[in-house]
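Taken together, the values in this text are just the output of simple stated rules run on the coordinates, not laboratory data. In this text the structure is predicted, and so the values were computed from the model without any measurement. As a convention, Cβ positions derive from the backbone with ideal geometry for all residues, glycine included, and neighbour counts pool all protein chains shown.
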Amino acid sequence: MTQPRSSRPRLLATRTRFLASQPLRATVLRAALLCAAVLAVGCHKQSSAPPPSSLAPTAAPSAPAAPTASLVADPLAIDLGQSVVLNWRSTGASSVAIEGIGPVSPNGTQTVSPSTSTDFRLTAKGDGGTAEANVRVTVRVPRPPEPPADTTADMGSDAAFHENVQDAFFDYDSFDLRPDAQAAAVKAAAYLVAHPDIRLVIGGYCDERGSAEYNLALGENRANAAKIALTNAGVAPARIRVVSYGKEKQFCTEETETCWQENRRAQFSLDR
């Protein structure tokens, strides 16, 4: 349908204004997009930088400290039969032991009665290594007295023999010479050295407890322990004979500790 001529100028003016406004709209749109981009960048939260401490290198774990150990004895020298106190201290150790005694606490004391001069050695072990400590205890053993100048090669009397050569007694299930038995052995050796013609037999005895086979072996060990004590004190081994009676021969038959003690002995007799 053909528009009236009167409306054509108005339509043309409208189109002209629309076309003139297009660049302006494009400019406004670009400006709006640019503002949106700037706002988006400004509103985005920047991630914080890690603290300086987190960037520092991690320190290597420290090595375990090396153990320390000390061991002293009071006194350092004793007479035979006397006691000495061991005193030890350690640090950084998980296990501590003293040679001849066994495992002990990291710190402590213990009374011992060595029969001969002894080197005590303490070993402390831990994650940091091993430490040792040593102490020597000197035991003074009395020397047998010198035999009389006018010695006679005789056997002596039984009474004199038993007065000077006395039996040695032992603790239960043991063949270690006690301090009293060691002192008696020194006295016996002095008498035997003064009477070189005497020969003797040492009998080992046990109380009634335990099997016959076990007590025969224990009795022999007791007799040999007494023989060793005499030979160490100067008596010739060829003059001594040992025999074990186990529990077959009893000096006392009562079932008491006093009676059992009488049966645990090494008996010295003349070997004629």
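Descriptive notes on the structure:
- One compactness figure for segment 72-196 is 1.49, namely its Cα radius of gyration divided by 2.2 N^0.38 Å.
- Here the extension length gained between residue 162 and residue 176 equals 2.8 nm, from 0.36 nm per residue of separation less the Cα-Cα distance.
- Residue-count net charge about residue 255 - beta-carbon cut-off 11 Å; Lys, Arg +1, Asp, Glu -1: -3
- Seen from all directions on average, segment 125-254 presents a Cα convex hull projection of 12.5 nm².
- Order by protection proxy (mean Cβ within 10 Å, highest first), peptides 258-268, 94-104: 258-268, 94-104
- Couplings for segment 66-80, taken from phi via the Karplus curve 6.51 cos²θ - 1.76 cosθ + 1.60 with θ = phi - 60°, read 5, x, 10, 8, 9, 8, 10, 10, 9, x, 7, 9, 9, 8, 4 Hz in order; Gly and Pro are left as x.
- Computed FRET value (nearest 0.05) for residue 111 with residue 254, which takes r as the C-beta separation and R₀ as 35 Å: 0.60
- Remark: relative contact order (segment 132-272) = 31 percent; criterion is Cα-Cα distance under 8 angstrom and separation of 6 or more residues.
- The peptide list 78-88, 189-199, put in order of mean Cβ contacts within 10 Å with the highest first, becomes 189-199, 78-88.
- Alpha-carbon centroid distance for the pair segment 63-136 / segment 204-272, whole angstrom: 35
- Distance between the modelled labels on residue 66 and residue 99, one decimal in nanometres: 2.0 nm (7 Å Cα→Cβ projection).
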